[in-house]
Amino acid sequence: MLDTPEEQAFDDIVFIASRTCDTPIALISLLDHDRQWFKARVGLDVSETEIAQSVCQIDIDEANVLVIPDLTCDPRTAKNPLVTGERAFRFYAGAPLVLRSGVVVGRLCVIDTVPRPEGLTPEQLTLLRALGRQVSDQLDLRRAGQISARLLELQSALIEIGECIRASEEAVEMTSAAAAVVGRVLQVERASFGLVDPDVENVDVEADWTAPGVASIAGRHRFADYGALRADLVAGEPLVIEDVATDHRTSANTAAMHALDIGALVNMPVRERGRTVAIFIVNAARPRTWTPDELLFLRSVADRLEAGVARLRAEQQQSILNGEINHRLKNMLAMVQAIASQTLRAVSEREPVESFERRLVALSAAHDVLLQKSWKDADLRTVAEAVVETVGFGDRVNLDGPSVPLGARAALSFSLVVHELMTNACKYGSLCMEGGHVELTWIIEGNAPNASLIVRWRERGGPPVVAPSRKGFGSRLIRLGLTGTGGTDLRYDPDGFEADLRASVEHLAQA
């Protein structure tokens with residue numbers, strides 16, 4: 001409510017209070033840390049005064065009507081500039097403004113410039129109390145509306161932060177985006193994320209978000225330089241300080257805080273395996289009361305960042321592991337190829353040996369494709385392109401079809417089938433003659449979960465086709481189909497060899 005515009009409901013109440021108590025001045029005074037601010041006023045030309053000049057703050061925690069018949073005679077007010085100065089206040093009566101939570105936030109007061117030894121009549125006191133309750137009810141209604149709007153705002157901010165986390169590929173990008181949202185929503189001067197060393201002695205603050213004109217605190221900071229901050233963070237408890245000048249953990253060393261324009265702060269710990277590994281930092285330049293909703297919001301932000309950073313760390317570790325697996329797999333395939341070459345060196349018929357070596361190369365190409373996807377789904381086109389590039393003749397093979405995800409086993413199987421088809425085309429089919437070409441296309445028929453993939457191989461421009469007299473390993477491999485379960489149709493038409501391979505799309509993705 002502080003510093004909000006005038007409102008008729010409150011203006012009406014001070015007008016009625018002034019008339020009821022027959023005083024020239026009536027005020028709704030709300031007490032802040034360093035001032036009293038008048039939400040509504042009659043007969044006064046200022047909207048606030050320093051808190052030291054406030055008569056309303058006297059005995060405020062007792063929540064009773066305060067009546068001072070002559071302010072010059074009361075030791076609590078006799079030297080008040082409002083009493084001794086040109087305004088010359090003499091009489092005061094104020095009803096407390098008590099919210100439903102029990103908190104007293106100010107008074108509805110009436111003031112006169114002449115003493116009134118008799119004070120207020122019983123009827124005037126009753127009406128002043130009733131009007132004070134009306135002010136309190138109005139404040140509660142607006143507070144409830146503000147809380148509801150605030151909760152919606154915080155919830156929307158959490159959704160926005162979740163989207164930032166999902167879209168981020170680097171931890172710094174993730175934490176910077178979250179800090180920017182938090183800083184904007186909480187209207188603070190600084191928000192940042194920092195990694196904590198194992199002993200919780202230092203924090204390394206990453207690129208932080210700051211309000212315009214506020215300096216960054218990116219870099220290493222020692223907790224002990226700012227006060228007794230470690231104990232809460234070691235225990236995994238939020239470090240919540242509403243005023244660094246009065247809080248026992250920071251009051252002995254406020255200079256370090258003030259040098260960074262910090263009047264209030266929250267350090268929300270991020271835990272991993274029972275240890276604080278990072279903190280989400282929020283700084284306000286002035287003393288500030290952090291509401292339970294704001295602290296819950298910051299806890300949720302820290303939890304989301306913890307999960308997001310853990311995900312990125314796991315993905316990075318998996319990438320390193322995949323690289324090591326790929327390196328060892330290539331070494332193993334090379335070793336198998338070397339052993340096979342040495343073992344089969346004496347074999348006079350070289351064609352089977354060379355076919356075996358080429359199949360190893362096709363497997364290696366498929367493994368490369370899978371590695372790029374972290375051994376998850378590989379796209380059918382990507383696998384086909386890798387095999388065609390390995391065999392050659394890529395300029396004479398036309399690929400066309402929609403994106404189709406293949407599981408690891410299906411990708412390896414498909415790569416071997418395409419390799420056999422390419423090898424046969426190079427030796428006996430359309431690719432063994434100038435001008436010959438291949439159409440490798442695929443379509444999806446039906447709808448999930450019963451959709452089928454149909455891969456079509458068409459050779460044109462080669463020599464007349466003759467069905468083979470015997471079926472070797474390559475032919476048997478092709479007849480096994482995309483996932484080793486059949487579903488093939490081979491046709492040895494004189495104009496060109498044709499093959500149709502059929503499999504379940506759902507099975508291919510899971511294989």
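The values are calculated or read from the model by the stated rules, or taken from the named source; none is laboratory data. As the structure is a prediction and not an experimental result, all values here were calculated from the model. With ideal geometry, Cβ positions are generated from the backbone for all residues, glycine too; neighbour counts draw on all protein chains shown.
Does Ala224 satisfy being assigned by TED's automatic domain parsing to the domain that holds Ala259 and within 21 Å of Trp290 (Cα to Cα)? It is false that Ala224 is assigned by TED's automatic domain parsing to the domain that holds Ala259 and within 21 Å of Trp290 (Cα to Cα).
Evaluate the following for Arg222: is it of a type in the set (Lys, Arg) and either surrounded by 14 or more Cβ atoms within 10 Å (Cβ to Cβ) or closer than 15 Å to Leu265 by Cα (or both)? Give the steps one after another, and end with the answer.
Values: of a type in the set (Lys, Arg): yes; either surrounded by 14 or more Cβ atoms within 10 Å (Cβ to Cβ) or closer than 15 Å to Leu265 by Cα (or both): no.
No, not satisfied.
Of all residues in segment 165-176, those that are surrounded by fewer than 19 Cβ atoms within 10 Å (Cβ to Cβ) and out of contact with any strand residue (DSSP E or B) (no Cβ under 9 Å at 6 or more places or on another chain) total 5. Within segment 235-246, residues that are closer than 18 Å to Asp261 by Cβ sit with their Cβ atoms under 6 Å from residues that are among the β-branched types (Val, Ile, Thr) and surrounded by fewer than 17 Cβ atoms within 10 Å (Cβ to Cβ), at 6+ positions apart or across chains, in these pairs: Glu242/Thr289.
Val266 fulfils the conditions (1) surrounded by fewer than 22 Cβ atoms within 10 Å (Cβ to Cβ); (2) in contact (Cβ under 8 Å) with a residue 12 or more places away in the chain except for a single criterion, (1).
The rows are residues; the columns are (1) β-branched (Val, Ile, Thr); (2) at pLDDT 90 or above.
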| residue | (1), (2) |
| --- | --- |
| Ala256 | no, yes |
| Leu260 | no, yes |
| Pro269 | no, yes |
| Arg275 | no, no |
| Val282 | yes, yes |
| Ala285 | no, yes |
| Thr291 | yes, no |
| Ser300 | no, no |
| Val309 | yes, no |
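Quick one: would you say Arg90 is over 24 Å from Leu2 (Cα atoms), out of contact with any Phe, Trp or Tyr (no Cβ under 9 Å at 6 or more places or on another chain) and either surrounded by 15 or more Cβ atoms within 10 Å (Cβ to Cβ) or among the aromatic types (Phe, Trp, Tyr) (or both)? Before you say what the answer is, go through the steps one by one.
Working: over 24 Å from Leu2 (Cα atoms): yes; out of contact with any Phe, Trp or Tyr (no Cβ under 9 Å at 6 or more places or on another chain): yes; either surrounded by 15 or more Cβ atoms within 10 Å (Cβ to Cβ) or among the aromatic types (Phe, Trp, Tyr) (or both): yes.
In short, yes.
How many of the residues in segment 190-219 are assigned to a loop (DSSP other than H, G, I, E, B) and surrounded by fewer than 23 Cβ atoms within 10 Å (Cβ to Cβ)? Before you say what the answer is, go through the steps one by one.
Here is the first cut: in segment 190-219, the residues assigned to a loop (DSSP other than H, G, I, E, B) are 197-201, 206-208, 211-218.
Now narrow it down to the ones that are surrounded by fewer than 23 Cβ atoms within 10 Å (Cβ to Cβ): 197-201, 206-207, 211-218.
Matching residues across segment 190-219 total 15.
On inspection, His258 does not qualify as without any contact (Cβ under 8 Å) to a residue 40 or more places away in the chain and assigned to a loop (DSSP other than H, G, I, E, B).
Can you tell me which residue among Leu233, Leu295 is touching a Pro at 6+ places or on another chain (Cβ under 6 Å), in the same structural domain as Asp208 (by TED's automatic domain parsing) and assigned to a helix (DSSP H, G or I)?
On the way: Leu295 fails: touching a Pro at 6+ places or on another chain (Cβ under 6 Å).
After applying the criteria, what remains is Leu233.
Checking Leu97, Leu128 one by one, the residue that is touching a helix residue (DSSP H, G or I) at 6+ places or on another chain (Cβ under 9 Å), touching a residue at least 12 places away in the same chain (Cβ under 8 Å), assigned to a helix (DSSP H, G or I) and not charged (D, E, K, R) is Leu128 and no other. Return the residues of segment 131-172 that are of a type in the set (Asp, Glu) and touching a residue at least 24 places away in the same chain (Cβ under 8 Å); say none if nothing qualifies. Asp140, Glu153, Glu169, Glu170 - these are the residues of segment 131-172 that are of a type in the set (Asp, Glu) and touching a residue at least 24 places away in the same chain (Cβ under 8 Å). If the condition is being β-branched (Val, Ile, Thr) and either touching a Ser or Thr at 6+ places or on another chain (Cβ under 8 Å) or within 20 Å of Ala40 (Cβ to Cβ) (or both), then segment 111-145 contributes Ile111, Thr113, Val135.
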